[in-house]
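Engineer: Please read through the structure below; I'll follow up with questions.
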Amino acid sequence: WADDTTRAYGSISARGAGTGAGGHIETSGKRYLDVNGIRIDAGAASGRSGEWLLDPDQITIVSGSSGLDSNVTSVTPFQAVSSAATSTLSSATLNSAINAGGLVIISTSGGPGPGNGDITFDASGGAIVIDKTSNVASSTLRLDAWRNINFTGGPTTFRTSAGAGTQPLTVILNTDLSGGGGNVFSGPAATVNVNGTSTSQVVAVVGN
């Protein structure tokens, strides 16, 4: 983690041994975070799966996969990006972590950068699908927004699709961690779909 910019593109493993639980992995950039393409494994052979925490200033989730941050081509790997840059997470990276099982937490801080602490699903570049396709373990995606959770630009779907015996996906939406009155917004052209299978349901919990 860093007080300014964190870029993590490799593989991080914190697996539980034997019947032990999986570990805790944190990738946090207090102002800016890029983890697209990262490979996370906080699972366990027979114990409870662990968790992965992402903790940026604000973040936008987009469709598909993303390569290295374009800022890397113009600055050295350890140099901060533009103060106006917004952290972006691809649905492919998020799905990879969800399908490994366990808890994925995206928690925004609303500072010290220009961000307002929002978590935004922007489907203007293509529909966003967060899909539990594996039977490895149950999975939870928890979104803790300093202010608002926004859905915009097109459809965002949370679903399980692996078929019979699928371990469930739970989606939890928490807003207003700042105490300033956060909301969940569905903007123009946006739809939010929560779909399960006949044997496994997605549960969406909205609260503050």
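Derivation of every value follows stated rules applied to the coordinates shown; laboratory data play no part. Small disclaimer: the values here were computed from a predicted structure and weren't measured. Positions of Cβ are backbone-derived with ideal geometry, glycine not excepted, and every protein chain shown enters the neighbour counts.
Engineer: Separation between the residue 45 and residue 65 pseudo-spin-labels, each 7 Å from Cα along Cα→Cβ, expressed in nm?
Structural biologist: Result: 3.0 nm between the two label points.
Engineer: What does the charge count around residue 162 come to, taking other residues whose C-beta lies under 13 Å from its C-beta (Lys +1, Arg +1, Asp -1, Glu -1)?
Structural biologist: Taking every other residue near residue 162 into account, the sum is +1.
Engineer: Still on this structure, please answer the following. I want to make sure I understand the PRE zone here: with the label point 7 angstrom from the Cα of residue 161 toward its beta carbon, which residues in segment 37-62 have backbone N atoms less than 18 Å away?
Structural biologist: Within reach of a label on residue 161, which here means backbone N under 18 Å from a point 7 Å along Cα→Cβ, segment 37-62 contributes 62.
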